[in-house]
Amino acid sequence: MKKISLPVAILASATAVAAEQQKPNIIMVMVDDMGFSDIQPYGGYEIETPNLTRLANEGTRFCQFYNNGISAPTRASLITGQYQHKAGLGFFNNNLGLAAYQGFLNKESLTFAEVLKRAGYTTLMSGKWHVGDDRDQWPNQRGFDHFFGFIGGASSYYEVDDNRNSVTSVRFIKDNEEYHLKDGEYLTDVITDNAIEFLDGQKNEKKPFFLYLAFNAPHWPLQAKKEDIAKYKGKFSIGWDSLRQVRLQNAIKQGVVPVSQQLAKHDDEIPLWRTLPYDEQKYWERRQEVYAAMIDRVDQEIGRVLRKLKQMKQDKNTLIIFISDNGAEGGRGAVSRSRGNYSVGDPGSYEVQNKYWSQTGNAPFREYKGICYEGGISAPLIAWFPGKIKKGRIVKGVGHLIDLAPTFYDLAGAEYPTEYNGVKTNALPGKSLLPILFGGKEEVEREKPLCWERAGNKAVRLGKWKYVSVKDGVDELYDIENDRSERFDVAAEHPDIVDKLKKHYTEWAEANDVVDFKLLRNPWGAADNRKNNVVNRKNGEVRTR
């Protein structure tokens with residue numbers, strides 16, 4: 001990686017870090033399917049997150065930080081620092097026959113474990129992988145010294161030996177060996193157990209560590225520990241319509257959205273809370289009580305990690321970054337895969353979160369996971385590094401997943417190689433966040449706009465403008481500075497801006513091997529469609545047989 005020239009204040013801070021016992025440790029924490037305002041530092045009030053609140057109060061929060069809107073593409077960008085297509089996950093983990101859509105990380109895109117390991121770090125991971133199913137694509141084969149977790153996109157939180165409900169069978173991997181939960185163990189706890197076990201292994205090491213802690217909560221299935229669910233009994237009787245109003249006001253008070261911020265328009269497919277019968281309200285309350293308990297438990301586990309750092313005397317020498325992989329889940333109605341007589345939240349249940357409460361989780365923004373509106377691609381970002389990052393700071397940011405790997409490499413003094421194991425590597429498109437975290441900058445300075453593509457949904461962010469195309473190719477334009485809830489499409493008033501952003505998208509798509517999604521045959525179907533696609537690489541067209 002080309003050396004970034006840093007301001008004097010940053011260099012002084014970096015010198016101070018280097019003078020300590022060892023290079024700084026790095027912990028990257030990601031949660032799954034959690035909305036922008038689901039935690040207290042971003043507007044939530046009813047879900048208890050004291051440890052995240054502590055990290056926010058003692059660190060820096062970004063108002064505008066972006067992901068790729070859905071799990072595997074987000075993880076591809078996070079882990080490699082590449083746009084997801086360039087890393088091989090332009091769609092999901094289905095192989096669609098093109099290099100940009102092969103469904104697993106390619107060798108040209110190095111993982112942060114591979115790069116940091118070269119810089120003398122012990123590399124650890126516990127949690128969800130979801131960027132390659134085959135054994136040669138697993139974490140231990142992509143630079144991690146130790147890994148515990150599951151390889152695919154979702155998992156039950158309990159092991160249940162029940163022939164009526166085979167979907168709850170849990171298969172984990174620990175350093176390439178199969179592993180199963182014990183009776184009564186809860187996945188979020190076990191992810192932390194293994195992370196702490198790996199950290200314990202550092203006691204006699206004279207090396208810094210990098211820990212990627214990838215919780216799958218609060219991703220479906222909605223399952224939580226009884227004692228955590230009990231804490232939220234009756235807390236959601238206010239209903240989703242009133243709660244999103246309260247969340248907005250709290251987000252304004254927290255300073256993560258401006259005073260002028262409005263709520264996104266009410267989703268017409270969501271019934272008004274007051275129109276629901278009493279019994280149905282109680283049913284929906286229970287679902288959100290379980291969801292809240294899942295986030296609560298993640299916060300408790302982050303507290304365990306903080307205590308371990310203090311015990312190790314590494315709490316003053318560790319950067320922690322916390323983000324969510326995308327906005328809260330969409331979909332409609334009560335979706336259940338349960339078999340047998342289970343209640344939502346129980347081991348063996350398999351309820352799926354949906355937009356009824358997720359409109360509140362993503363408040364004040366529009367839409368949900370998988371869509372390029374702000375509710376789908378906006379996430380909290382909290383950065384904590386005692387003595388290095390200013391306490392209680394809130395910045396605009398406009399950061400993206402592609403910026404995190406360069407940040408880690410800058411902090412670690414790690415060189416990003418142009419060649420690795422005989423393979424020419426993809427250059428990093430992101431920017432280090434150190435000028436914001438250590439140097440007082442308010443937002444990332446980049447030469448090119450941010451771009452998104454997911455299953456034909458497109459977006460471009462340049463300055464205050466955001467171009468969106470999600471419905472049959474219709475062009476939309478939003479002034480994010482004044483309308484981040486995307487209520488008012490101003491494309492008709494600014495055709496020149498629309499044309500400019502569309503041109504940027506075309507250039508980005510060509511540089512990242514993005515193709516027209518409609519030309520990909522059956523992307524929602526078979527796991528391997530490579531025989532169905534023919535690529536004319538001379539002109540970039542894709543033909544389907």
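G361: modelled with pLDDT of 95 or more, within 22 Å of the chain's Cα centre (by Cα) and closer than 19 Å to Q223 by Cα, yes or no? So G361 passes the test. Out of D499, D475, D513, D528, one residue alone is more than 29 Å from L263 (Cβ to Cβ), modelled with pLDDT of 95 or more, under 27 Å from the mean Cα position of the chain (by Cα) and charged (D, E, K, R). It is D513. In segment 34-42, the condition of being assigned to a helix (DSSP H, G or I) and open to solvent by 10 Å² or more (accessible area, probe 1.4 Å) is met by at least one residue. Residues that are among the small types (G, A, S) and open to solvent by 50 Å² or more (accessible area, probe 1.4 Å) within segment 445-467 comprise just one, G463.
Annotation note: of G153, G143, the sole residue that is farther than 30 Å from M312 by Cβ and in contact with a strand residue (DSSP E or B) (Cβ under 8 Å, 6 or more places away or on another chain) is G153. Could you list all residues from segment 90-137 that are in a helix (DSSP H, G or I), open to solvent by less than 10 Å² (accessible area, probe 1.4 Å) and either polar (S, T, N, Q) or in contact with a strand residue (DSSP E or B) (Cβ under 8 Å, 6 or more places away or on another chain) (or both)? Scanning segment 90-137 gives Y101, F112, A113, L116.
In segment 386-399, of all residues being hydrophobic (A, V, I, L, M, F, W, C) and touching a Lys or Arg at 6+ places or on another chain (Cβ under 9 Å), the one that is surrounded by the most Cβ atoms within 10 Å (Cβ to Cβ) corresponds to V395. For segment 243-288, filtering for residues that are outside any helix (DSSP H, G or I), charged (D, E, K, R) and open to solvent by less than 60 Å² (accessible area, probe 1.4 Å) leaves 1. Every condition in (1) touching a Phe, Trp or Tyr at 6+ places or on another chain (Cβ under 8 Å); (2) open to solvent by 10 Å² or more (accessible area, probe 1.4 Å); (3) assigned to a loop (DSSP other than H, G, I, E, B) is met by N140 except one, and the failing one is (3). Of everything in segment 468-487 that is in a loop (DSSP other than H, G, I, E, B) and of a type in the set (V, I, T), the residue that is least open to solvent (accessible area, probe 1.4 Å) is I480. Scanning segment 420-441 for residues that are within 16 Å of T80 (Cβ to Cβ) and either not β-branched (V, I, T) or not in a loop (DSSP other than H, G, I, E, B) (or both) gives Y420, N421, V423, K424, N426, A427, L428, P429, G430, K431, S432.
The values are calculated or read from the model by the stated rules, or taken from the named source; none is laboratory data. Small disclaimer: the values here were computed from a predicted structure and weren't measured. Heads up, the Cβs are rebuilt from the backbone with ideal geometry, glycines too, and the neighbour counts pull from every protein chain shown. To get the accessible areas, we keep the full protein, side chains included, count just its heavy atoms, and leave off ligands, DNA and RNA. Shrake-Rupley method; radii C 1.70, N 1.55, O 1.52, S 1.80 Å.
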